[in-house]
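Asker: Sending over a structure as structure tokens; questions will come in a sec.
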Amino acid sequence: MYISTNSVYCHTKFKLYRNEINHLLKLNKNSYFHNYFHVNMLDSKKVWKGIRQLVNLRSDSTPTKLLVEDLEINDPSSMAADAFNNFFANIGYNLTKNIPSVNKYPLQ
């Protein structure tokens, strides 16, 4: 109605109702997930399903590039299981290379 009349009153009413609906939607969503997690707290599969709904994770998404030994691989056929395995098997070692060595005993 606001668009056809261009009335300040209608615009104010529209904003009021829009804000009220958004507030109610937020409250209902919070209530739904609170109850969902309370009912399913002992079922880890359902808990993770709820978490995915909350953060909108897609389980079908695939990476578009992979960094292996300072070499960026963009070709999906080259991103084979061996490259993934190498990346995840060596991630701890590669992270420790970035930690500076300390010559102090932590309790001194």
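Asker: Taking the conditions exactly as written (at pLDDT below 75 and outside any helix (DSSP H, G or I)), does Met79 satisfy them or not? Steps first, answer last, please.
Answerer: Values: at pLDDT below 75: yes; outside any helix (DSSP H, G or I): yes.
Against the criterion (at pLDDT below 75 and outside any helix (DSSP H, G or I)), Met79 qualifies.
Asker: What about Ser7, is it surrounded by 10 or more Cβ atoms within 10 Å (Cβ to Cβ), of a type in the set (Gly, Ala, Ser) and over 23 Å from the mean Cα position of the chain (by Cα)? Talk me through it step by step, then tell me what you get.
Answerer: Details: surrounded by 10 or more Cβ atoms within 10 Å (Cβ to Cβ): yes; of a type in the set (Gly, Ala, Ser): yes; over 23 Å from the mean Cα position of the chain (by Cα): yes.
Spelling it out, Ser7 is indeed surrounded by 10 or more Cβ atoms within 10 Å (Cβ to Cβ), of a type in the set (Gly, Ala, Ser) and over 23 Å from the mean Cα position of the chain (by Cα).
Asker: A further question on this structure: Out of Leu57, Leu42, report the one residue that is at pLDDT below 75 and closer than 30 Å to Asn30 by Cβ.
Answerer: Numbers: Leu42 fails: at pLDDT below 75.
Going through Leu57, Leu42 in turn, the sole match is Leu57.
The values are calculated or read from the model by the stated rules, or taken from the named source; none is laboratory data. Treat the numbers as computed from the prediction; the structure is a model and nothing was measured. No Cβ is skipped: glycine too gets one built from the backbone with ideal geometry, and neighbour counts run over all protein chains shown.
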